[in-house]
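Working notes, beginning with the structure itself.
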Amino acid sequence: MNFDVDNENLKGKKIYRILLFSFIGVILIAAVYVSLRRTAARFSRDFMSPFLRIVTLTEDTAFFAAQLSKPKKQLALEVQNLQNRVLLLESKNHVLKNLEDENKVLRALLKLPPAPGFQPVTAEISGRTAPFWRERFVINRGWSDGVGVGNAVVTPDQVGNIVLVGRVIEISAGSAVVATVFSGDCRVSVKVETDSSTGGMEVLKEKALPVVRYLPIGGDYQPNTRVLTSGIADDTPAGIPVGIVVSRGKDVPPAVIRDQLYAELTIAPLIRIDTVRTVIVFTKKKETDQ
Amino acid sequence: MRFTFLFVCLIIAVVIQTALRAIGINFPLLPILIFYAAYVYGPLFGFGLVLPAAFLLDFNGGWSHPWSIIGFLLAAAFAIFWLYRIESDSLIFLAVPGFLLPVIGDLPQNIIAGDFSFSGILESCADALANGILGAVTFPFWIIVLDFFSKKLGLCTYGEAKERVKKEKI
């Protein structure tokens, strides 16, 4: 009888030990995964980036080969047009540079801190998958190109005006992950163009349109009004178009009042996310660049 | 040599699959490579390829977690099952793993990544079905290509794997 009790006690202890070791094992695996995930992600992207650049190079080579098949007259005309465009942009840039210098002087006179400067960096999408097609993608530029977490990512729309695509959320030496304005990971401070009311744009439910929250209740919010970046965060330039205010129906104001505290607007992003291939990242200018 | 061959194949497969995914074509090449590795070179190579393949593919596609591990483990396990349980050397019979591999090797992670939403499941299933049909047609071709290079390098081929198992049984 005593022998049976001892045996059962031993069995109980064994089960208890197995459960304890399994529990510790699961905790250890989870801890190792959590701490190593970002490093592994960074390593994976950096390891693959030279190989993935081959794809971009091949695309470029094919594009150049296709250009060579065009008649010389057409190519000469295209070069002429591009030279004219470069001249126009150069002259516009010159005017803007003067304004920037003037702004610096005025800020110094008023003893205001210097405005943040931004350096545009072009990047191509190197990785994208169907389940997150509209929410996130990987670009072939990383911290070695000056890109940082939180940097604003833009691209030209159909008429050539830049619109906000999203923000950089993860980074490695040669690549970065961008969360688009359709992703819950992308939160941007924005303002309504008509009355400059400022709020925070975010996506509350995946696969839904983004909303602008914490706007003043008394603001003038009309459907189809543009929403722009506010520039409050020092890693996002001000005035980049993000989207337009969506109407909630005829004779219904577009703003929803939440808890009698703030107004909330639903916006339709201006970006045509499905066809984006090339983007521009606004990296922060270093002191030496300014 | 097997390690080097699989490593080079892994890099090529990740580059092709990532490049295709970036333009909206999702054909799962890596489950096929993992199946081949597990079937021809043994479970150690097949299962050993799962982790690097999932990490390289998922993180380069912008995913936060390497969910592909699930599908790739299933693909490796399926290779072992196919090697030890199915008795057929017919080339046409290869259409069966060709159809099943894109389904079991790609569907689970797509459903998880799509947050189990109804539309996500529907899209993933439609994707898997199309890839399954494409896989059934192209699978013998992938085997021929991989076997060609294996043979050139003096490594074991797909057909020899079955014979090896038969000898082991005897």
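The listed residues are A:Asp101, A:Asp60, and the only one of them that is within 14 Å of chain B (Cβ to nearest Cβ) and surrounded by fewer than 14 Cβ atoms within 10 Å (Cβ to Cβ) turns out to be A:Asp60.
Of the helices (runs of 4 or more DSSP H) lying entirely inside the range B:75-170, those containing at least 3 residues that are more than 25 Å from B:Met1 (Cβ to Cβ) are B:95-113, B:118-152. Counting only residues that are over 26 Å from A:Thr225 (Cα atoms) and touching a Gly at 6+ places or on another chain (Cβ under 9 Å), the range A:139-167 holds 7 of them. Here is the figure for the range A:208-242: residues that are in contact (Cβ under 8 Å) with a residue 60 or more places away in the chain and farther than 13 Å from A:Ser189 by Cα total 1.
If the requirement is being charged (D, E, K, R), within 14 Å of chain B (Cβ to nearest Cβ) and in a helix (DSSP H, G or I), which of these qualifies: A:Arg85, A:Arg45, A:Arg107? None of the others qualify; the one that does is A:Arg45.
Summed over the range A:179-226, residues that are of a type in the set (S, T, N, Q) and in contact with a helix residue (DSSP H, G or I) (Cβ under 7 Å, 6 or more places away or on another chain) total 1. Against the conditions (1) exposed (fewer than 15 other Cβ atoms within 10 Å of the Cβ); (2) charged (D, E, K, R); (3) not in a helix (DSSP H, G or I), A:Glu264 satisfies every one except (1).
Among the residues of the range B:54-85, which ones are over 19 Å from B:Ile111 (Cβ atoms) and within 14 Å of another protein chain (Cβ to nearest Cβ)? Within the range B:54-85, B:Phe55, B:Leu56, B:Phe59, B:Asn60 meet the criteria. Considering only residues in the range A:200-221 that are touching a Phe, Trp or Tyr at 6+ places or on another chain (Cβ under 8 Å) and surrounded by 23 or more Cβ atoms within 10 Å (Cβ to Cβ), the one that is farthest from the other protein chains (Cβ to nearest Cβ) turns out to be A:Leu215. Note on the range B:110-144: among residues that are touching a residue at least 24 places away in the same chain (Cβ under 8 Å) and aromatic (Phe, Trp, Tyr), the one that is farthest from the other protein chains (Cβ to nearest Cβ) is B:Phe139.
I want to confirm something. Restricting to the range A:168-189 and keeping residues that are assigned to a loop (DSSP other than H, G, I, E, B) and free of Cβ contacts under 8 Å to residues at least 60 places away in the same chain, which single residue is farthest from the other protein chains (Cβ to nearest Cβ)? Residue satisfying both the conditions and the ranking: A:Arg187. Only residues that are assigned to a helix (DSSP H, G or I) and either farther than 17 Å from B:Ile23 by Cβ or not β-branched (Val, Ile, Thr) (or both) were counted across the range A:48-70, and they come to 16.
Only residues that are in a helix (DSSP H, G or I) and under 12 Å from the mean Cα position of the chain (by Cα) were counted in the range B:18-46, giving 11. Restricting the first member to the range B:1-19 and to residues that are touching a residue at least 12 places away in the same chain (Cβ under 8 Å), and the second to residues that are hydroxyl-bearing (Ser, Thr, Tyr), the beta-carbon pairs closer than 6 Å and six or more apart or on different chains are B:Arg2/B:Tyr41.
Every listed requirement among (1) under 26 Å from the mean Cα position of the chain (by Cα); (2) within 14 Å of chain B (Cβ to nearest Cβ) is met by A:Val32 save one, (1). When A:Ala31, A:Ala41 are checked against the criterion of being touching an Asp or Glu at 6+ places or on another chain (Cβ under 9 Å) and not polar (S, T, N, Q), A:Ala41 stands alone in meeting it. Of the conditions (1) closer than 21 Å to A:Ile125 by Cβ; (2) in contact with a Phe, Trp or Tyr (Cβ under 9 Å, 6 or more places away or on another chain), B:Phe45 satisfies every one except a single condition; which number is it? For B:Phe45, the failing item is (1).
Filtering the range A:128-146 to residues that are closer than 19 Å to A:Phe43 by Cα, within 13 Å of chain B (Cβ to nearest Cβ) and assigned to a loop (DSSP other than H, G, I, E, B) leaves A:Arg128, A:Asn140, A:Gly142.
Does A:Tyr16 satisfy being closer than 26 Å to A:Arg128 by Cβ and at pLDDT below 85? Here the answer is no, as A:Tyr16 does not meet what is asked. More than 14 Å from chain A (Cβ to nearest Cβ) and out of contact with any Lys or Arg (no Cβ under 7 Å at 6 or more places or on another chain): which single residue out of B:Tyr36, B:Tyr41 fits that description? Among B:Tyr36, B:Tyr41, only B:Tyr36 is more than 14 Å from chain A (Cβ to nearest Cβ) and out of contact with any Lys or Arg (no Cβ under 7 Å at 6 or more places or on another chain).
The values are calculated or read from the model by the stated rules, or taken from the named source; none is laboratory data. Here the structure is a predicted model, which means the values were calculated and not measured. No Cβ is skipped: glycine too gets one built from the backbone with ideal geometry, and neighbour counts run over all protein chains shown.
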